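Student: Can you keep this structure in mind? I'll have questions shortly.
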Amino acid sequence: PNYIAVSDLANLINLKIEKLTKDLTKMGFANVTHNYILSREYVELVLMNYNYELGKQALVVTPDNVYDELRSAVNPKNLSRRPPIVTIMGHVDHGKTTILDYLRKTSIVSEEHGGITQHIGAFQVETPVSKRKITFLDTPGHAAFLKMRERGANITDIIVLVVSLEDSIMPQTIEALKHAAKSGSQMIVAITKIDRISNTKERDRAIEKVTIDLMNNEVPIEKMGGDVQVVPISARTGENMNLLEESIIALSDVMDLKAERSNKAVAEGFVIESEVKKSVGNVSTVLVTKGILLKGSILICGNTYCKVRSMSNEQGASVLLADPSTPVEITGWKHMPAAGDEVLQVSSESIAKKYVAKKLAVLQMAKEAKNVDRINEQRAMEA
Ligand code: GTP
Ligand code: MG
């Protein structure tokens, strides 16, 4: 347990209650009686005084680390290259959606299925020249990402910062720059809407102006010996869109992005979106970050679990497996998993049930522990 009454603790370590209360008072606890409640941290301190130590299984379990023992250590032998995960950011109306729409239309991976692209929060493209995959996230301002960021989980490898040729740097461009610097993601700048100026000389001058604005905002662009590539594009005509995609691949190679691509590794990922759909029930988009996710796998996430009943890509076509950096829509959740929560594979449904129950119990204890101080105060007042 996370807390214990003084009388129980005395029993546990074979001490008279009076002796323990006296000692505790000496240690600085106020109004100690037999039903005074100690939280786990205090118990540890007190036990040290009597040369007792909490056993291994008594390690502090918090709601956040209940599932930790289920993870597998990284086996370097299983590491292989994975596609970069990219987010597009930039000022309002600078063209983020237009870029994503262009990429979706022109280079979606599984075109042979001919399905209608669905907005599942992420999609993969295949680059036209190098035939490599890139995963684009569709919902960067989403609550899920704020939640992940709070926990220090950053799944975005590369931020494409969109700057309109006409407006140059605007307030939200600066916000995005700040975010990029904090997040640890790498950045590429796309100067977009270049089709708006047809005269090449004028266009070059306008590009030059945005470039200077970037330098004035301390963006270490390549031209100045930095490592941020600047690519002028038009998402309307498609001009240089290939170049943007290949720039992303080049950067990802420098970053040497790898993950365990093996079904020996415990599969892990994040929920990007979730919703209830008519006829199929709870549906979520999971972005795999480790291992290989298979249909039929058992997953736990937050306070719920899932036996993967169906798995499909952004085209709505069913797939049998998903490897690192791949987004898939899955069904089979007992309850709705929350966007931003981590997904972890387990070996059986009974293990899933056991750990979800444990997590719920720990959550309950944490909640109760918060009441402990209040209870002690109340008792002291009543005494
Ligand atoms: P918000 O989601 O509102 O922040 O905007 P956004 O960044 O997604 O911009 P969006 O893609 O909606 O584009 C805004 C407007 O600019 C639309 O009218 C687009 O058609 C137009 N636009 C975007 N990219 C280009 C481009 O490359 N060339 C031209 N000519 N127009 C563009
Ligand atoms: Mg948009």
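Student: Condition (residue is outside any helix (DSSP H, G or I) and either among the charged types (D, E, K, R) or at pLDDT below 95 (or both)) applied to region 231-241: is it met by at least one residue? Show your work before the answer.
Tutor: Quick first cut of region 231-241, residues outside any helix (DSSP H, G or I) only: 231-240.
Now restrict to residues that are either among the charged types (D, E, K, R) or at pLDDT below 95 (or both): 236, 239.
Yes: region 231-241 contains one or more residues that are outside any helix (DSSP H, G or I) and either among the charged types (D, E, K, R) or at pLDDT below 95 (or both).
Student: Just to be sure before I move on: is Ala250 without any contact (Cβ under 8 Å) to a residue 40 or more places away in the chain and within 22 Å of Leu137 (Cβ to Cβ) in the structure I sent?
Tutor: On the way: without any contact (Cβ under 8 Å) to a residue 40 or more places away in the chain: yes; within 22 Å of Leu137 (Cβ to Cβ): yes.
Yes.
Student: Quick check: anything in region 129-141 charged (D, E, K, R), away from ligand 2 (no atom under 16 Å from the Cβ), exposed (fewer than 14 other Cβ atoms within 10 Å of the Cβ) and over 29 Å from Asn216 (Cα atoms)?
Tutor: yes
Student: Scan region 306-329 and give yes if some residue there is in contact with a His (Cβ under 7 Å, 6 or more places away or on another chain), touching a residue at least 24 places away in the same chain (Cβ under 8 Å) and among the small types (Gly, Ala, Ser), otherwise no. Walk me through how you get there before you give the answer.
Tutor: We begin by selecting, within region 306-329, every residue in contact with a His (Cβ under 7 Å, 6 or more places away or on another chain); these are 315, 317.
Filter once more, so that each one left must be touching a residue at least 24 places away in the same chain (Cβ under 8 Å): 315, 317.
Filter once more, so that each one left must be among the small types (Gly, Ala, Ser): 317.
Yes, some residue in region 306-329 is in contact with a His (Cβ under 7 Å, 6 or more places away or on another chain), touching a residue at least 24 places away in the same chain (Cβ under 8 Å) and among the small types (Gly, Ala, Ser).
Student: When you scan region 5-17, do you find a residue that is at pLDDT below 85 and under 30 Å from Asn303 (Cα atoms), even just one?
Tutor: Checked region 5-17: at least one residue is at pLDDT below 85 and under 30 Å from Asn303 (Cα atoms).
Student: For Val266, are the conditions met, namely being out of contact with any Phe, Trp or Tyr (no Cβ under 9 Å at 6 or more places or on another chain), farther than 30 Å from Val189 by Cβ, part of a strand (DSSP E or B) and open to solvent by 20 Å² or more (accessible area, probe 1.4 Å)?
Tutor: Values: out of contact with any Phe, Trp or Tyr (no Cβ under 9 Å at 6 or more places or on another chain): yes; farther than 30 Å from Val189 by Cβ: yes; part of a strand (DSSP E or B): no; open to solvent by 20 Å² or more (accessible area, probe 1.4 Å): yes.
So Val266 fails the test.
Student: Hey, does region 282-293 have a residue that's surrounded by fewer than 16 Cβ atoms within 10 Å (Cβ to Cβ) and either touching a strand residue (DSSP E or B) at 6+ places or on another chain (Cβ under 9 Å) or farther than 21 Å from Lys133 by Cβ (or both)? Spell out how you get there, then give the answer.
Tutor: Pass one, region 282-293, residues surrounded by fewer than 16 Cβ atoms within 10 Å (Cβ to Cβ): none.
No; the residues of region 282-293 include none that is surrounded by fewer than 16 Cβ atoms within 10 Å (Cβ to Cβ) and either touching a strand residue (DSSP E or B) at 6+ places or on another chain (Cβ under 9 Å) or farther than 21 Å from Lys133 by Cβ (or both).
Student: State all residues of region 30-45 that are closer than 28 Å to Ala361 by Cα and at pLDDT 80 or above; if no residue qualifies, say none.
Tutor: Here is the first cut: in region 30-45, the ones closer than 28 Å to Ala361 by Cα are 32-45.
The answer is Val32, Thr33, His34, Asn35, Tyr36, Ile37, Leu38.
Student: Residue check: is Arg71 more than 16 Å from ligand 1 (Cβ to nearest atom), surrounded by 22 or more Cβ atoms within 10 Å (Cβ to Cβ) and within 24 Å of Lys258 (Cβ to Cβ)? Steps first, answer last, please.
Tutor: Details: more than 16 Å from ligand 1 (Cβ to nearest atom): yes; surrounded by 22 or more Cβ atoms within 10 Å (Cβ to Cβ): no; within 24 Å of Lys258 (Cβ to Cβ): yes.
Against the criterion (more than 16 Å from ligand 1 (Cβ to nearest atom), surrounded by 22 or more Cβ atoms within 10 Å (Cβ to Cβ) and within 24 Å of Lys258 (Cβ to Cβ)), Arg71 does not qualify.
The values are calculated or read from the model by the stated rules, or taken from the named source; none is laboratory data. Not measured: the values here are computed from a predicted model. FYI the Cβ positions are ideal-geometry reconstructions off the backbone, even for glycines, and counts take in every protein chain you see. Side chains are part of the model used for accessible areas, which takes the heavy atoms of the whole protein and leaves out ligands, DNA and RNA. Shrake-Rupley method; radii C 1.70, N 1.55, O 1.52, S 1.80 Å.
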